[in-house]
Every structure is written in C-alpha cells, then in structure tokens.
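A short write-up of the structure that comes next.
The values are calculated or read from the model by the stated rules, or taken from the named source; none is laboratory data. This is a predicted model, so every value here is computed, not measured. Here the Cβ is made from the backbone with ideal geometry for all residues, glycine too, and neighbour counts use every protein chain on show.
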Amino acid sequence: MPPYIRPLAICIFHNDGKILVNHFQDGAPDRSFFRPIGGGIEFGERSRDAVVREVEEELGLAIHNVQLIGTLESIFTYAGKPGHEIVQVYDARFDDAAVYEKPWLAGCESDGAKFRAVWCGSLSFTEAARLVPEGLLELLVTAGLLR
C-alpha cells in the first residue's frame, strides 16, 4: 500500500491535572509513547462522531460535552515505517463520574489487543516516553488541561 495521510480523532479526558492515555512500545525496548483514546475517522464520518464511537468501542463508555480543542499534524516513524496523520483533538467528559476515581481503565483495541488506559500528568512524558501526536503536550498545557 502506498503511503497516505491518516485522519484521526482523539479525546482528552482530564482530571486533577492528569489526562487518560494508552501506553505503547515503539519497537525499541527503551522507547515508548503515550496516546489519548481515539482512532481513525471512517469515510463519511465526522471526526466528532468518530471520537464518540472510538471511546465506546475501546472503553465501552459513553461521553458528553465533546468539544474540538485543536488540530495537529504529525509526521513520524513508527516501527521503522513513516507515518503522517492529521489529528482532531477533542475534550470530553465521561457520563459516569465514577470513572475519574479509577487509577486505570481496561480497554480493547479494534484488533482485540487489550490495554490499560492510565491517568498521567505532564511529568510522565519524557523524550524516551513521549506524548503523541507531536504538539499535543504544548496544546494541552496552553489550554490548561494538563499541568
């Protein structure tokens, strides 16, 4: 398949200066990254609808107050392959307030892979464990959603 630009929608859930993220390995044992919940926008689907769907699919949870906070463009290499994404970044709240009291949430990717989404503050993100997509950390700090 030839290279292409992938449209994504991700959702920032923030609580007490932390955001909910999924932790991934970047192929090398000393490199990893964190990314908020979300995924691909399907053809004919609005990005807002995609983020609501992705949260439901991955976490089994309903959300409300979904608001666009920015758009980022990310050009990167993952597992030795180039990637290019246009990312719609949303802020939202879980319908169930009890979710914010949990240290982590069980999730499942579309391929069936299980994961744990965890609450992390800005000090969790380093050069060896980046928050992606590029520019997201700055956007969240500027918007006052992450300390």
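Looking across the stretch 14-48, just one residue is among the charged types (D, E, K, R), under 15 Å from the mean Cα position of the chain (by Cα) and either outside any strand (DSSP E or B) or loosely packed, with under 14 Cβ neighbours inside 10 Å (or both), and that is R48. Within the stretch 57-73, the set of residues being in a strand (DSSP E or B) and either at pLDDT below 95 or under 14 Å from I37 (Cα atoms) (or both) comprises I63, V66. Checking the stated criteria, D91 turns out to be surrounded by 13 or more Cβ atoms within 10 Å (Cβ to Cβ) and assigned to a strand (DSSP E or B). Reported count of residues in the stretch 58-78, each being surrounded by 14 or more Cβ atoms within 10 Å (Cβ to Cβ), under 23 Å from I5 (Cα atoms) and touching a Gly at 6+ places or on another chain (Cβ under 8 Å), is 4. Sort out which residues of the stretch 113-139 are among the aliphatic types (A, V, I, L, M) and either under 21 Å from E57 (Cα atoms) or in contact with a helix residue (DSSP H, G or I) (Cβ under 8 Å, 6 or more places away or on another chain) (or both), and write them in order of number. Scanning the stretch 113-139 gives A113, A117, V118, L131, V132, L137.
Considering only residues that are aliphatic (A, V, I, L, M) and closer than 20 Å to I41 by Cβ, which ones fall in the stretch 75-116?
Residues satisfying the conditions are I75, I86, V87, V89, A92.
The residue list W104, W119 contains one member that is surrounded by 15 or more Cβ atoms within 10 Å (Cβ to Cβ), farther than 15 Å from G38 by Cα and at pLDDT 90 or above, which is W119.
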